[in-house]
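Chemist: Right, I'll just put the structure down here and ask away after.
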């Protein structure tokens, strides 16, 4: 039996390049393999409930639907964080609706699915595979923290946006002799902070992998001033945390801070006593997730999509596309979920950053 | 007596185009008029204290110093918010050091000064003029709220940055079916919010000139959903305020909020009860002040600089460069300070925005 | 009788902001006035022949069709330079098919049309109005050379692209000590060259309004070298022409040059004898016509669209939207066609450019 | 004897990231190793003749000189294509002035040199090393065609600029139903054309590694039209050449074409008979070489600079920094020069492009 009908879905947080993957899968799937391709709405919502009607609706995708998608941010399929069929929130309680998903999949006559998503989506895909669904995965996260691939699409676009913001902020920091803190994405991994920080000429970079000492950052600021450098730029990953010693002191202040306060505001509060001058905090937030993908991300997303279509055609299910030394290869989805890809504090790039005088708050 | 030695200074918040003005004044001043030109450091700091040594120091500017400046953000002279000589903060108290500024000005053999700044800087210039200093002003504010000129440089760059951010955020808002609030600059005037909001396809724009009702914004969101529009974008000027009726209700929440919470967070808090879905707040902050100026701002800043140099040469002091119907004209500095330039709620552009369905929270 | 069915068409060269006008007309037309709106394909092609089938086809536009259009370059309606119904090229000869256009217009039950285009489209609109068609015009040209309006949309985007290119080219010109010629659009008017040239720090700007002497440009290059300025940037409008005296000398060379050679290549050839060093020519070409419109152009195009819809609603036909001192007003289409908007060589902005040392090859 | 005085030089064509390398070498060299660092002017010109005075002049670089360089295009040292000391053009004839370079190097008390350049510069470095000079190399080319490294800095920036241009051109191609040819850099290698072409949604990509048949390209255009796709985008590397069979036919036309005509114009001429419609040619040219480097290029250039400084400190001369599987390693300069890095027509990425329907004119 050969594959005839294929579903495609995008899950998790938004990421530049999602549409480029969709375009590649649809182009190759229809022109090479003659498939019918169903775009499932809002992650798995459109399979959990066939009557689910978000703004788009499940729909059969034609070549016309993917025209011009390569350069567009977002995902034409929509996405959702509330569509885990194994823990579906229906009213007040969680239920397992995975059997219903399997039935709906069969009811629609689908042979296979391409699931584009992050570690959460891949974990769900693993469980659906265990129930018999035929799935090929495509990894996605702007954080670049997936273990099985050298790089994820979206990351290059995100560091480009963050670097451009740092360029702008540097102009003002310099004119005003200020300490500027810029919070970038990265809950578990400091990749965005590290690359944007090096490219943006940061003086300190605080990442989740290295709990920081506020005193070390303050010392850097003071030392710069002593040598006539009037301003400092500090890049803070959203997952950056203070070392144990700092916490008790911070706790008092944190009491006053609502949940909307992030890592960079915490650093600013901790520095306030040490550094007498005006600090400014900028939280880049969602502008890192949208917009037209970079050239690198478009090429990577496109190549992932082509391989995913080929894997489905060859019925190599349970596999995920991955980048390894410049080649796109198929790895087990299980492997991707197994271990995250974090910054190694003693790696070459970290030592090169230190050689340039960048502080990691150590 | 003809002018031979001219000081130039930049005051107030950072603004793209400051360097372009400096370049034009120095180019015309040196090549046409053969002046010596002193760059005063950090607004008036370098005149308040001749021994003042920030990272740059007062310096005599040569043509070489302004090479390549046209496209650079920030100001090579530095700026400061703590250099009002009439209310100079020395230790714990404010003193009037304006006589010292006059003496230092004479001591340096300066004949005149070009003062580039916002309403604060122009007010100080007025008082120095009253003491006998010969000053020509150049208006500057990204907020576009100066009365005597049709537009200020920096504004076009700021709305470009804000629009680009809105484009990115729209991608994600659409993919995630979310309500997104984006806070832009504009403490007294809603110009940035209005123009970026129209250009970025905002569904609501909240400006200081029109106190908003949170219910009206919530109604818009609900009505959009009812007609299948899954997401909404709300642009909030930092000076936006709720109508009287909303305040008491908000007060309770505001108690929990520290000073770092801005206008958009307030709107989000007020909408939370009305709108059941996930909202996200982005505060663009200082990235609106930096970076390479737009073409319009470079041309405007350059033309201001050329006219300022000519006004000094013609000894037309107490004047400020202004844009009027496409021409650069000289107006009295006093006029510029007199009345701010605010959005008229019943103007044509406002009614056109309403015709497109944009809500102003009225 | 009130207007119920409205056609909309885009004619002439591509221009950033066309889609923004379409979006505004459709939004206001449908939501405020309840119209049915026909998008006519490829300028007037879809009315010349109802069976005309380009890639899009005439189609009734819904709100869904204009979603996300604000930021998109190009025109969803397509455009064409071969759809003048008064001189329609059918096979080898030109025929007048304007009666057929009138019949088809009636056959489709159309009450009125919004015609978005340049002077060519407006001239055609005038003739159709004379035959009884009810038309409202919206002016469009990146060249900014229409007489009846202060500025056209597309121009601000075009000068932004040209300025960015000049910034890049300056880096390389400086590193390599080179003379760089950059050709920008502007067949009859030098607006793009003038504004991009000032913003991009050009040393010479050659525009159609001032026939240039190559010797004057060469003198500028030599004078710059003598004062230690190693490179020169020359911006050339595509319509720039040499003064009479230069022509005979150039004729010889021009014999060798095919039609693909443009104005900047001619300048380079003329300079070759005078300037011993390596020159490089860059022709920006069509990249000036595409891409996402700037904030200014989006706002202007949107406001034009809103007024055009209102003019149709109020049955003020034969009018065209125009920008006058910041307000959008209705002017007679006839006026727009009457006189072009050219650079005045003795205007303030030109003298300011000369004060900065910019040569116009005079 | 430890290294105390180090020269740094940039050679060959301009490339985004050169300044970032200079900044990293100077920062690490001065702050870590306490060197004096001489910036040599215009490639080796400043060593060939100590009295050489270009616009900059040889100069001892301080930390202040490299402030803000990370984001700036070009090279503050200048570059030149006429400074090969082994074939120095003095008046009408070539002479070998390499002994003089060695003497001047000694006269200045220099211990070592960091040479940043392409294959030409590396070949010269090899010969100077043979004469006893102590050199560490840093590879540079926007074409990405150096054998010893996975990627060169400048390439990522160049493909970003080319992709953005393709996005703009696509808007217009689509609106006008046109065939657009875009010429990008790449004399020997098709890397820029391949990556920008995939990212920009090209329908055909013509590269030096695959001599093209114009008929194959024409067939693609015709097939697209037959399936309702109204426009085609063709990316042409400047080194693209027709297959043998095409040449004789082209020769006739080429007679009419001057040297300024490039590869894309040749393709257009060859397609003219096959494709009846309007074609437009855009030659991106030098805008690909300038401007602020991308995040990737800044990080890569910075890491190269750090390693180069360390190699000099460790006296590992004759080595060049290279990127291998994400790590920066030292390779023999000789290896870098040995073999170019070309596109393999049967590689994975090429087959993936073919799977998407992209024609290579085969």
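All of the numbers you see were taken from the coordinates with simple rules; none came from a lab. Remember, it's a predicted structure, so these values are computed and weren't measured experimentally. Positions of Cβ are backbone-derived with ideal geometry, glycine not excepted, and every protein chain shown enters the neighbour counts.
Chemist: Can you pull the mean other chain C-beta count within 10 Å for peptide D:69-75?
Modeler: Details: counts 1, 8, 8, 3, 8, 9, 5.
Per residue, the average neighbour count from other chains is 6.
Chemist: Right, here's the next one. Using Cα atoms only, what is the angle between the long axis of helix B:214-226 and the major principal axis of chain B, expressed in degrees (0 to 90) to the nearest 10?
Modeler: Roughly 60 degrees, rounded to the nearest 10.
Chemist: A further question on this structure: Label position 7 Å from Cα toward Cβ: report the copy-to-copy distances for residue C:103 in nm, one decimal, ordered from shortest.
Modeler: Distances between equivalent label points, in nm: 6.1, 9.2, 9.5.
Chemist: Mark the label point 7 Å from the Cα of residue B:150 along Cα→Cβ and return the residues of segment C:149-192 whose backbone N is within less than 15 Å of it.
Modeler: What the label zone holds, given the 15 Å backbone N cut-off, is C:149-153, C:156.
Chemist: Can you give me the angle between helix B:244-256 and the longest principal axis of chain B, using Cα atoms only, in degrees from 0 to 90, rounded to the nearest 10?
Modeler: So the helix axis and the longest Cα principal axis differ by about 80 degrees.
Chemist: Something else now. Compute the Cα gyration tensor for chain B, then decide on rounded, prolate or oblate, letting a ≥ b ≥ c be the square roots of its eigenvalues: rounded whenever a/c is under 1.5, prolate when a/b is larger than b/c in the other cases, and oblate in all that remain.
Modeler: Values: a/c = 2.44, a/b = 2.02, b/c = 1.21.
Note, shape of chain B comes out prolate.
Chemist: Please state the equivalent ellipsoid semi-axes for segment B:156-289: what are the square roots of 5 times the Cα gyration tensor eigenvalues, largest first, in whole Å? Before the final figure, lay out each step's value.
Modeler: On the way: eigenvalues 84, 74, 33 Å².
Ellipsoid half-lengths, sorted descending, are 21, 19, 13 Å.
Chemist: Separate question: Over the whole of A:354-361, what's the average partner chain Cβ count within 10 Å per residue? Rounded to a whole number, please.
Modeler: Working: counts 1, 11, 11, 4, 0, 0, 0, 0.
Counting Cβ atoms of other protein chains within 10 Å of each residue's Cβ and averaging gives 3.
Chemist: While we're looking at this one, here's another question. Mind checking B:172-183 for the average number of partner chain beta-carbons within 10 Å of each residue's beta-carbon? Write out the running numbers ahead of the final one.
Modeler: Working: counts 15, 4, 11, 17, 11, 7, 2, 0, 3, 0, 3, 0.
Going residue by residue through B:172-183 and averaging, the value is 6.
Chemist: Among C:155, C:317, what is the fewest-to-most ranking by other Cβ atoms within 10 Å?
Modeler: Arranged by neighbour count, lowest to highest, C:155, C:317 become C:317, C:155.
Chemist: Relative to the other copies, what are the label-point distances for residue C:274, with labels 7 Å from Cα along the C-beta vector, expressed in nm at one decimal and sorted shortest first?
Modeler: Counterpart label points of residue C:274 in the remaining copies fall at 4.4, 6.1, 6.6 nm.
Chemist: Rank the residues C:195, D:341 as a footprinting-exposure proxy: fewest other Cβ atoms within 10 Å of their Cβ go first.
Modeler: Values: C:195 27, D:341 20.
Final ranking by Cβ density, sparse to dense: D:341, C:195.
Chemist: Tell me which C residue has its C-beta closest to the axis rotating C onto B, and the distance in Å?
Modeler: C:325, 3
Chemist: Still on this structure, I have one more. So how tilted is helix C:119-130 from the main axis of chain C? Cα-based, degrees 0 to 90, rounded to 10.
Modeler: Between helix and principal axis, roughly 30 degrees.
Chemist: When you count, for each residue, the other Cβ atoms within 10 Å and take the mean per peptide, how do C:288-300, A:59-71 rank with the highest first?
Modeler: Working: C:288-300: 26.2, A:59-71: 16.9.
Highest mean packing first, the order is C:288-300, A:59-71.
Chemist: Distances from residue C:334 to the same residue in each other copy, label points 7 Å out along Cα→Cβ, in nm, shortest first?
Modeler: Result, one decimal in nm: 4.9, 8.3, 8.5.
Chemist: I've got another one for you. Can you order the peptides C:22-28, A:145-151 by their average number of other Cβ atoms within 10 Å per residue, highest first? Spell out each step's value before the answer.
Modeler: Numbers: C:22-28: 25.7, A:145-151: 20.9.
Result, highest mean Cβ count within 10 Å first: C:22-28, A:145-151.
Chemist: Counting DSSP beta bridges in chain B, what percent are antiparallel, to the nearest 5?
Modeler: Details: 12 of 43 bridges.
So the antiparallel bridges amount to about 30 percent of the total.
Chemist: Please report, to two decimal places, log10 I(q)/I(0) for the protein assembly as shown at q = 0.04, 0.05, 0.06, 0.09 Å⁻¹ as given by the Debye formula with identical point scatterers on the Cα atoms and no solvent.
Modeler: For the protein assembly as shown, the Cα-only Debye profile gives -0.24, -0.37, -0.55, -1.40.
Chemist: Let me ask you something else. Calculate for chain B the 222 nm mean residue ellipticity that helices alone would give, adding -39,500 (n - 2.57) per DSSP H run of length 4 or more and normalising by residue count, nearest 500 deg cm²/dmol. Each step should come with its number before you reach the end.
Modeler: Values: 12 runs with 139 residues, N = 362.
Counting only the DSSP helices, I get -12000 deg cm²/dmol.
Chemist: Now a separate question. Rounded to the nearest 0.05, what FRET efficiency do residue B:332 and residue B:131 give with R0 = 22 Å and r taken as the Cβ-Cβ distance? Could you check? Could you put the intermediate results ahead of the total?
Modeler: Numbers: r = 17 Å, r/R0 = 0.78.
Using R0 = 22 Å, I get an efficiency of 0.80.
Chemist: Something else about it: Order by neighbour count: D:30, D:107, fewest other Cβ atoms within 10 Å first, most last.
Modeler: Values: D:30 18, D:107 11.
Starting with the residue having the fewest Cβ neighbours, the order is D:107, D:30.
Chemist: With each label point set 7 Å from Cα along the Cα-Cβ vector, what nm distance links residue C:347 and residue A:103?
Modeler: 7.2
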